[in-house]
Amino acid sequence: AQRVTQPEKLLSVFKGAPVELKCNYSYSGSPELFWYVQYSRQRLQLLLRHISRESIKGFTADLNKGETSFHLKKPFAQEEDSAMYYCALLNYGQNFVFGPGTRLSVLP
Amino acid sequence: NAGVTQTPKFRVLKTGQSMTLLCAQDMNHEYMYWYRQDPGMGLRLIHYSVGEGTTAKGEVPDGYNVSRLKKQNFLLGLESAAPSQTSVYFCASSPQGDGDEQFFGPGTRLTVL
């Protein structure tokens with residue numbers, strides 16, 4: 001079965017520190033993975049997807065098929081990065097399977 | 001464009017009552033989805049639709065029904081609400097499937113007493 005895990009419910013870092021939000025998945029095919037973000041009082045929105053290999057707001061994520069991971073990284077965290085982050089997998093049925101989410105808190 | 005809107009924003013029900021949540025999108029998207037969000041469990045897909053007149057079950061469909069009579073609207077019904085259905089419900093739409101970005105509504109907070 002397809003599954004997405006995010007081991008950290010809460011991650012706190014200081015402003016300017018590096019941040020890594022972990023995501024692991026189980027999927028038998030060739031995965032398509034995404035990161036969605038929900039800022040306070042805003043809607044859930046797409047942050048980035050692995051196939052586009054882009055950097056959004058300084059965040060990057062690399063798909064590691066060997067480790068079945070898609071960790072989200074940013075070298076220098078900003079206070080405005082504080083939000084709830086969800087890793088998501090696109091499965092065979094063209095539906096998303098979301099992880100439980102990690103709340104990132106960037107402290108001043 | 002309003003994007004994806006949800007009605008109502010909040011609702012409190014008693015066990016056994018019924019209600020319908022309305023999702024509307026003005027982006028001419030084919031796909032629409034209903035999720036529930038519970039603490040520690042992320043978003044779980046309830047039902048989805050790949051086009052007008054179609055519906056399909058997601059991961060947690062029991063206790064819910066849906067209809068997509070018009071392309072722009074996707075209704076989620078609870079026939080007999082239970083406390084286990086207390087949750088935040090999100091609607092989303094996407095142009096097609098195939099990994100298209102999903103656009104989310106603001107959510108509906110439902111409490112079943």
What whole-number value in Å² describes the accessible area per residue of the stretch B:67-113 for a 1.4 Å probe?
40
Exposed chymotrypsin sites (Phe, Trp or Tyr not before Pro) being those in a DSSP loop with at most 14 other Cβ atoms within 10 Å, the longest stretch of chain A free of them is A:1-38
Suppose we look only past 23 Å in the calculated P(r) of the protein assembly as shown. What percent of the Cα-Cα pairs does that tail hold?
47
Select from the stretch B:1-30 those trypsin sites (Lys or Arg not before Pro) which occupy a DSSP coil region and have at most 15 other Cβ atoms within 10 Å, ordered by residue number.
B:Lys9, B:Lys14
Considering all projection directions equally, how large on average is the shadow of the alpha-carbon convex hull of chain A, in square nanometres?
6.5
At a Förster radius of 35 Å, what calculated FRET efficiency corresponds to the Cβ-Cβ distance of B:Ser80 and A:Glu20, to the nearest 0.05?
0.20
What Rg and what Dmax come out for the stretch B:1-70 when only alpha-carbon atoms are used, in angstroms?
13.0, 36
Positive end of the dipole of chain B, charges at C-beta (+1 Lys, Arg; -1 Asp, Glu), about the Cα centre: which of B:Thr111, B:Ser94, B:His29 has its Cα farthest in that direction?
B:Thr111
Residue-normalised value, i.e. accessible area per residue, for chain A at 1.4 Å probe, in Å², stands at 51
Using a basic spin-label model with each label point 7 Å from the Cα along Cα→Cβ, how many nm lie between A:Leu10 and A:Gln45?
2.6
How high is the relative contact order of the stretch A:1-74, given as a whole-number percent (alpha carbon pairs under 8 Å, six or more residues apart)?
31
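For chain A, the longest stretch holding no GluC sites (Glu not before Pro) located in a DSSP loop with at most 12 other Cβ atoms within 10 Å is which?
On the way: sites that count: A:Glu54, A:Glu67.
Free of exposed loop sites, the longest segment is A:1-53.
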Given pairs A:Lys15/A:Lys73; A:Lys22/B:Lys9; A:Lys9/B:Lys14; B:Lys14/B:Lys57; A:Lys15/A:Lys65 and cut-off 20 Å on Cα-Cα distance, the over-length ones are A:Lys22/B:Lys9; A:Lys9/B:Lys14; B:Lys14/B:Lys57; A:Lys15/A:Lys65
How many square angstrom of accessible surface are buried between B and A, both sides summed, with a 1.4 Å probe and rounding to 100?
1600
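Quick check: net charge around B:Leu110, other residues with Cβ under 11 Å of its Cβ, Lys/Arg +1 and Asp/Glu -1?
Details: positive: B:Lys9, B:Arg11, B:Arg36, B:Arg109; negative: none.
The answer is +4.
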With a cut-off of 8 Å between alpha carbons and a minimum separation of six or more residues, what is the relative contact order of the stretch B:1-109 in percent?
35
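The values are calculated or read from the model by the stated rules, or taken from the named source; none is laboratory data. Just so you know, these numbers come straight off a predicted model, no measurement behind them. Heads up, the Cβs are rebuilt from the backbone with ideal geometry, glycines too, and the neighbour counts pull from every protein chain shown. The area values use the complete protein model at the heavy-atom level, side chains included, leaving out ligands, DNA and RNA. Shrake-Rupley method; radii C 1.70, N 1.55, O 1.52, S 1.80 Å.
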